[in-house]
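> Here you go, one structure.
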Amino acid sequence: MVMGGPSAEREVSLSTGRECAAALRQAGFEAIEVDAGPDLIDRLRTHAPDVVFNALHGPRGEDGCIQGLLEWLRIPYTHSGVLASALAMDKEATKAVFRAEALPVADSRLATKAEVMAGHVMPPPYVVKPYNEGSSVGVYIVPEGAEAPPQLAEDMPETVMVEAYLPGRELTTTVLGDRALTVTDIVTSGWYDYDAKYKTGGSRHVVPADIPQEIFEACLDYALRAHRVLGCRGLTRTDFRWDEAKGLGGLVLLETNTQPGMTPTSLAPEQAASVGISFPELCGWLVEDASCDR
C-alpha cells in the first residue's frame, strides 16, 4: 500500500491508504503500508511486494510518475497506467481528448498566474484552479459581476486553468473495469470544496441519483467513454455538472479521476456498495486486476 507522498492531497491519501489496507486485510491479503518518500525505491525493494496498491493522490501519485517507476521496477500495480494517468491529471489535455470523442466540456484556457491577477481572462463567472491537482485544492470562484480579478495564493502554480463557471447539480459516476456503476447526486450548501468532500457532514450523497432516466444513462455512457478514450484501467470516477433547465444539453464533463478517494466519505466505495460490491471486495478486485504494462 503506497500512500501519503508529498502532494497537497497527502492527508486524503493517508486516509485512503489506511482504509484500503484494513479492507484488504479483512479480505485475506497481507497489506504493508508505505508512506511514499525519497526512500520509496529502497523500501519497495526491501518489501518485494507481489502488487502495489496505489493509494496516492495528486502530483507524483496519479500523474504517471509512480506508475513509470513501478513499470521500471516491474512491480504490478493498481489503477491506470502511465499515459492514462498523465492525460487525466492534466485537465486541459483531458479536455482535448474529450472534445475529440465528442464529449461535452466547459470552455476553458490556460493562463499564467500573473495574467489571472492582472485582469479577467474571460467574462465572469468563471473558476480558477490548478490544471493538475484534485480534491478541489486551490479553487477560486469569480462570481458574475465581479469587478476585480482574483488574487491567487503564493503556492498556486505559475500556470492555472480558467474555466467558465457552470451552474447546476454535481453528479458523478464510477467506472470499475468495463462497467459504469451508478450515478450519485452530490448535495451541498455551497461549492463542493475540500471540506465538503472529506469532512463528515460536508455533503449529502443521493445514490442512485434521483434524476431523469435520460440524464442517468448519459452519465453512465459518458463516464465509460471517458474511461476508455483516456486509456484508463481499474477504477475511475468522472464528475459532471448538470443544468436542469437545459436538459441533456446541460450535462457537461468536468474531469476523470484515475485515483478516486477511498475514504469513509468517498464516492467510489459508496457507489460500489450500492450495486452490491463491499469495500473489501472492491479493494480485492483492484489487487487481482493489478498488472504492469497498463
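> Go through (1) surrounded by fewer than 21 Cβ atoms within 10 Å (Cβ to Cβ); (2) touching a residue at least 60 places away in the same chain (Cβ under 8 Å); (3) touching a strand residue (DSSP E or B) at 6+ places or on another chain (Cβ under 6 Å) and name the single condition residue 82 misses.
Among (1) surrounded by fewer than 21 Cβ atoms within 10 Å (Cβ to Cβ); (2) touching a residue at least 60 places away in the same chain (Cβ under 8 Å); (3) touching a strand residue (DSSP E or B) at 6+ places or on another chain (Cβ under 6 Å), residue 82 violates only (3).
> Looking only at segment 30-61, how many residues end up being of a type in the set (A, V, I, L, M), touching a residue at least 24 places away in the same chain (Cβ under 8 Å) and more than 14 Å from residue 12 (Cβ to Cβ)?
8
> Next question, about the same structure. Quick one: would you say residue 51 is touching a strand residue (DSSP E or B) at 6+ places or on another chain (Cβ under 6 Å) and not assigned by TED's automatic domain parsing to the domain that holds residue 268?
Considered against the rule, which asks whether it is touching a strand residue (DSSP E or B) at 6+ places or on another chain (Cβ under 6 Å) and not assigned by TED's automatic domain parsing to the domain that holds residue 268, residue 51 comes out as no.
> Which residue, of 91, 95, 113, is in contact with a Lys or Arg (Cβ under 9 Å, 6 or more places away or on another chain) and basic (Lys, Arg)?
91
> Of everything in segment 205-242, what is part of a loop (DSSP other than H, G, I, E, B) and either outside the structural domain of residue 95 (by TED's automatic domain parsing) or under 13 Å from residue 94 (Cβ atoms) (or both)? Give them in sequence order.
Passing the criteria: 230, 231, 232.
> Do we find a residue being of a type in the set (S, T, N, Q) and in contact with a Gly (Cβ under 7 Å, 6 or more places away or on another chain) anywhere in segment 76-83?
Yes; the residues of segment 76-83 include at least one that is of a type in the set (S, T, N, Q) and in contact with a Gly (Cβ under 7 Å, 6 or more places away or on another chain).
> Follow-up. Between a first residue in segment 152-179 that is over 30 Å from residue 287 (Cα atoms) and a second residue that is of a type in the set (A, V, I, L, M, F, W, C) and assigned to a loop (DSSP other than H, G, I, E, B), which pairs have beta carbons less than 8 Å apart while being 6 or more apart in sequence or on different chains?
Listed by first residue and then by second, the contacts come to 160/152; 162/121; 162/122; 163/106; 164/106; 164/122; 166/106; 169/211.
> A further question follows. Test of understanding: among 58, 64, which residue is surrounded by 17 or more Cβ atoms within 10 Å (Cβ to Cβ), of a type in the set (Gly, Ala, Ser) and modelled with pLDDT under 95?
58
> Can I ask one more? Of the residues 288, 255, only one is under 20 Å from residue 84 (Cβ atoms) and free of Cβ contacts under 8 Å to residues at least 60 places away in the same chain; which?
On inspection, the qualifying residue turns out to be 288.
> Within segment 110-125, take every residue that is under 10 Å from residue 162 (Cβ atoms) and among the β-branched types (Val, Ile, Thr) and give me the one that is surrounded by the fewest Cβ atoms within 10 Å (Cβ to Cβ).
121
> Only one of 231, 202, 247 is under 27 Å from residue 108 (Cβ atoms), surrounded by fewer than 18 Cβ atoms within 10 Å (Cβ to Cβ), more than 16 Å from the chain's Cα centre (by Cα) and modelled with pLDDT of 95 or more. Can you tell me which?
Criteria check complete, one pass: 247.
> Please go through segment 67-93 and give me each residue that is of a type outside the set (A, V, I, L, M, F, W, C) and modelled with pLDDT under 95, ordered by number.
Once the filter is applied, which keeps residues that are of a type outside the set (A, V, I, L, M, F, W, C) and modelled with pLDDT under 95, segment 67-93 yields 90, 91, 92.
> Something else: Checking the structure you have, find out if any residue of segment 85-95 is farther than 25 Å from residue 294 by Cβ, of a type in the set (A, V, I, L, M) and surrounded by fewer than 16 Cβ atoms within 10 Å (Cβ to Cβ).
No, segment 85-95 has no match at all.
> If a residue has to be farther than 21 Å from residue 270 by Cβ and at pLDDT below 95 to count, how many in segment 10-35 make the cut?
The total comes to 1.
> Which residues, counting only those in segment 5-28, are assigned to a loop (DSSP other than H, G, I, E, B) and either over 14 Å from residue 260 (Cα atoms) or not assigned by TED's automatic domain parsing to the domain that holds residue 62 (or both)?
Once the filter is applied, which keeps residues that are assigned to a loop (DSSP other than H, G, I, E, B) and either over 14 Å from residue 260 (Cα atoms) or not assigned by TED's automatic domain parsing to the domain that holds residue 62 (or both), segment 5-28 yields 5, 6, 7, 8, 27, 28.
The values are calculated or read from the model by the stated rules, or taken from the named source; none is laboratory data. Just so it is clear, the structure is predicted and the values come from calculations on it, not from any experiment. Backbone-built Cβ (ideal geometry, glycine too); neighbour counts: all protein chains shown.
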